[in-house]
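Below you'll find the structure, written out as C-alpha cells, and then a few comments.
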Amino acid sequence: MRSLQMIFGLSTLLMAFILVTATTPPRPTTTKRSIITLAPRICPLPAICARNSPRVCGRTPAGDCQRFNNICDLMLANRRKEPAGVRHTRDLDCKDVRGVGAANRRPCYQQCPRRPVVCKRSPPAQHICVRSRDKKQCKVLSNNCQLRNQNCHSRPRNNWRRTDKRRCGERQLGDKPEECQKLPHTGTRRTTTRRTTTRRTTTTARSA
C-alpha cells in the first residue's frame, strides 16, 4: 500500500511540473538585431546674428508688415510682444515698407485684384488717415480694404499711405483730400552753454 501511495504522489508531482512548464512563456533571447540604440536628441541652436546679417520681414495678425535688422531682432520683438504676434514672413510682403522699425510699419503687400473689392464699413473709431505720396494731402478712409482699392484702382496708383490720425484733423469719411495737419514737435531743444575763460594778466611794476 505504501508503495502505491508513493507512486501516486510522484505521478501527481510529475503532472504538475509538466503543466507549469507548458504554461510559462519562453524568455526572449536578446540578439544584436533586437537591441535598439536611441540616437541622442539634437536641440536646435539659437539664432546667431552679426552686423552683416540680412534684414527680415515680420507680419502681425492685423495684416501689417515691419522690417527688422535681422532675425534676432524679430524673435526678440515676438517674445516682448512688440508688436504682439509678429511672425517671420516672405520679403515680398514688405515691398511697400521703406525703412526699419515700427514707425515704417505698413499694410503687407498684396497683388491688386482685377476689380475693386466690396469692403465692409468700419466704425468711426477704427477709421484710418492716409497721406499722399508727396506728403501734402490727407483724407480719411474706412479701413485697409478701402485703402487697397484706392491704391489699385485710382490714379496715380499706390499714391496713399497710412499716417498718424492727427494729420486728418476734423475730417470725416467721404471728405475730399485737403492739406495735412502739422503735428506738434515733441522733441526738446538742447541748450548749450559756452564756458568763457578769462585770463588775468598781472603786471608787476618795477620800482625805479
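The values are calculated or read from the model by the stated rules, or taken from the named source; none is laboratory data. Here the structure is a predicted model, which means the values were calculated and not measured. As a convention, Cβ positions derive from the backbone with ideal geometry for all residues, glycine included, and neighbour counts pool all protein chains shown.
Determine, yes or no, whether Cys152 is closer than 18 Å to Gly63 by Cα, modelled with pLDDT of 85 or more and not in a loop (DSSP other than H, G, I, E, B).
Criteria met by Cys152.
Would you mind telling me which numbered condition in (1) part of a loop (DSSP other than H, G, I, E, B); (2) touching a residue at least 24 places away in the same chain (Cβ under 8 Å); (3) charged (D, E, K, R) Arg131 fails?
The number of the failed condition is (1).
Rundown of residues vs (1) assigned to a helix (DSSP H, G or I); (2) out of contact with any Leu (no Cβ under 6 Å at 6 or more places or on another chain); (3) farther than 26 Å from Asn149 by Cβ; (4) modelled with pLDDT under 90, yes/no style:
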residue	(1), (2), (3), (4)
Cys65	no, yes, no, no
Cys72	yes, yes, yes, no
Met75	yes, yes, yes, no
Leu92	yes, yes, no, no
Ala103	yes, yes, no, yes
Gln110	no, yes, no, yes
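Of the conditions (1) out of contact with any Phe, Trp or Tyr (no Cβ under 6 Å at 6 or more places or on another chain); (2) within 20 Å of Arg162 (Cα to Cα); (3) surrounded by 13 or more Cβ atoms within 10 Å (Cβ to Cβ), Asp96 fails just one. Which one is it?
(1)
Checking Thr163 against (1) over 19 Å from Ala62 (Cβ atoms); (2) crowded, with 16+ Cβ neighbours inside 10 Å; (3) among the hydroxyl-bearing types (Ser, Thr, Tyr), which test does it fail?
Here Thr163 clears every test but (1).
Test of understanding: among Gln146, Gln111, which residue is closer than 24 Å to Val86 by Cα and in contact with a Cys (Cβ under 7 Å, 6 or more places away or on another chain)?
None of the other options fit; the residue is Gln146.
Among the residues of the stretch 91-106, are any touching a residue at least 60 places away in the same chain (Cβ under 8 Å) and outside the structural domain of Asn143 (by TED's automatic domain parsing)?
The answer is yes, given that some residue of the stretch 91-106 is touching a residue at least 60 places away in the same chain (Cβ under 8 Å) and outside the structural domain of Asn143 (by TED's automatic domain parsing).
Which of (1) surrounded by fewer than 18 Cβ atoms within 10 Å (Cβ to Cβ); (2) of a type outside the set (A, V, I, L, M, F, W, C); (3) touching a strand residue (DSSP E or B) at 6+ places or on another chain (Cβ under 8 Å) does Ser154 not meet, given it meets every other one?
(3)
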